[in-house]
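Below is one structure, written out as structure tokens; the observations come after it.
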Amino acid sequence: MATKNLSPEEITTVLNIVRTRFEKNTNRHLGIEWSKVQTKLKSNPEKMWSLLQMEKTGGEPDVVAFDDKTKEYIFFDCAAESPKKRRSICYDHEALEKRKEHQPKNSAIHMATEMGIELLNEAQYRNLQLLGNFDTKSSSWIATPEKIRKLGGALFGDFRYDTVFVYHNGADSYYAVRGFRGCLRV
């Protein structure tokens with residue numbers, strides 16, 4: 001696994017990218033001040049590393065909420081479509097191992113863990129869709145309840161016909177247009 005230490009240049013780059021996106025999309029984080037987000041990010045270098053991984057894989061992370069209970073800012077991948085460098089993957093390692101032919105290169109759960117983020121759950125995915133139309137041509141794996149996963153399935157969502165859909169598929173399936181969206185709490 002790569003080191004989670006960022007150079008001063010990488011820190012500046014991450015902060016500039018996220019700040020520009022933050023200022024461009026104020027509807028996603030009404031009432032949240034950038035200076036407070038930046039202070040929190042600077043005091044959490046591992047979280048900045050995770051943000052950089054989200055960015056490098058095409059996620060376009062942005063602040064979408066502040067959790068008053070935990071005092072954390074919440075970032076979601078806000079790319080219009082499922083992040084390009086996180087596609088053609090199955091749901092988790094178990095599904096990856098199960099697939100004997102045409103095995104994908106990775107799984108959503110493994111990639112998210114390596115990046116230090118979590119997959120969006122269904123409620124988070126639906127909340128993201130309130131901020132814009134996401135996954136109109138792609139789909140994204142979402143965190144799947146254990147009961148469904150034990151039976152071999154996994155959930156994914158997309159936005160079609162002006163509606164958010166959550167579907168099921170075999171956890172070992174993968175498609176060129178299906179990736180995953182992450183959540184990072186800072």
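The values are calculated or read from the model by the stated rules, or taken from the named source; none is laboratory data. Since the model is a prediction, treat every value here as computed from it, not as a measurement. In this analysis, Cβ positions are derived from the backbone assuming ideal geometry, glycine residues included, and neighbour counts consider all displayed protein chains. All accessible areas refer to the heavy atoms of the entire protein, side chains included, with ligands and DNA or RNA removed. Shrake-Rupley method; radii C 1.70, N 1.55, O 1.52, S 1.80 Å.
I'd like to know if region 44-54 contains one or more residues that are out of contact with any Phe, Trp or Tyr (no Cβ under 7 Å at 6 or more places or on another chain) and aromatic (Phe, Trp, Tyr).
yes
Residues to consider are 147, 42, 137; find the one that is farther than 16 Å from residue 157 by Cα and touching a residue at least 12 places away in the same chain (Cβ under 8 Å).
The conditions single out 42.
Of the numbered conditions (1) within 18 Å of the chain's Cα centre (by Cα); (2) over 28 Å from residue 167 (Cβ atoms), residue 109 fails exactly one; give the number of that condition.
For residue 109, the exception is condition (2).
Across region 5-16, which residue is modelled with the lowest pLDDT among those that are open to solvent by 60 Å² or more (accessible area, probe 1.4 Å) and in a helix (DSSP H, G or I)? Reasoning before the result, please.
At the first step, the residues of region 5-16 found to be open to solvent by 60 Å² or more (accessible area, probe 1.4 Å) are 5, 8-10, 12-13, 16.
Remaining after also requiring in a helix (DSSP H, G or I): 8-10, 12-13, 16.
Working: 8: 88, 9: 93, 10: 92, 12: 94, 13: 95, 16: 97.
Selected residue: 8.
Condition first: open to solvent by 60 Å² or more (accessible area, probe 1.4 Å), on the phi < 0 side of the Ramachandran plot and either hydroxyl-bearing (Ser, Thr, Tyr) or not in a helix (DSSP H, G or I) (or both). Now tell me which residues in region 17-34 satisfy that.
20, 26, 30, 33
Please go through region 83-120 and give me each residue that is open to solvent by 40 Å² or more (accessible area, probe 1.4 Å), out of contact with any strand residue (DSSP E or B) (no Cβ under 6 Å at 6 or more places or on another chain) and assigned to a loop (DSSP other than H, G, I, E, B), ordered by number.
First, pick out the residues of region 83-120 that are open to solvent by 40 Å² or more (accessible area, probe 1.4 Å): 84-85, 87-88, 93-94, 97-103, 105, 109-110, 113-114, 118.
Filter again for out of contact with any strand residue (DSSP E or B) (no Cβ under 6 Å at 6 or more places or on another chain), leaving 84-85, 88, 94, 97-103, 105, 109-110, 113-114.
Residues satisfying the conditions are 88, 99, 100, 101, 102, 103, 105.
Tell me, yes or no, whether region 152-173 has at least one residue that is on the phi > 0 side of the Ramachandran plot and acidic (Asp, Glu).
yes
Could you say which residue among 180, 159, 165 is under 30 Å from residue 52 (Cβ atoms) and free of Cβ contacts under 8 Å to residues at least 60 places away in the same chain?
It is 159.
Which of the residues belonging to region 143-157 are open to solvent by less than 40 Å² (accessible area, probe 1.4 Å) and closer than 19 Å to residue 112 by Cα?
Listed by number, the residues that qualify are 143, 144, 149, 153, 154, 155, 156, 157.
Mind listing whichever residues of region 53-80 are within 30 Å of residue 172 (Cβ to Cβ) and either open to solvent by 40 Å² or more (accessible area, probe 1.4 Å) or in a helix (DSSP H, G or I) (or both)?
The answer is 53, 54, 55, 56, 60, 80.
Give region 125-142 a look and list any residue that's open to solvent by less than 40 Å² (accessible area, probe 1.4 Å) and not hydrophobic (A, V, I, L, M, F, W, C), or say none.
At the first step, the residues of region 125-142 found to be open to solvent by less than 40 Å² (accessible area, probe 1.4 Å) are 125, 128-129, 132, 134-135, 138-142.
Once the filter is applied, which keeps residues that are open to solvent by less than 40 Å² (accessible area, probe 1.4 Å) and not hydrophobic (A, V, I, L, M, F, W, C), region 125-142 yields 125, 129, 132, 135, 138, 139, 140.
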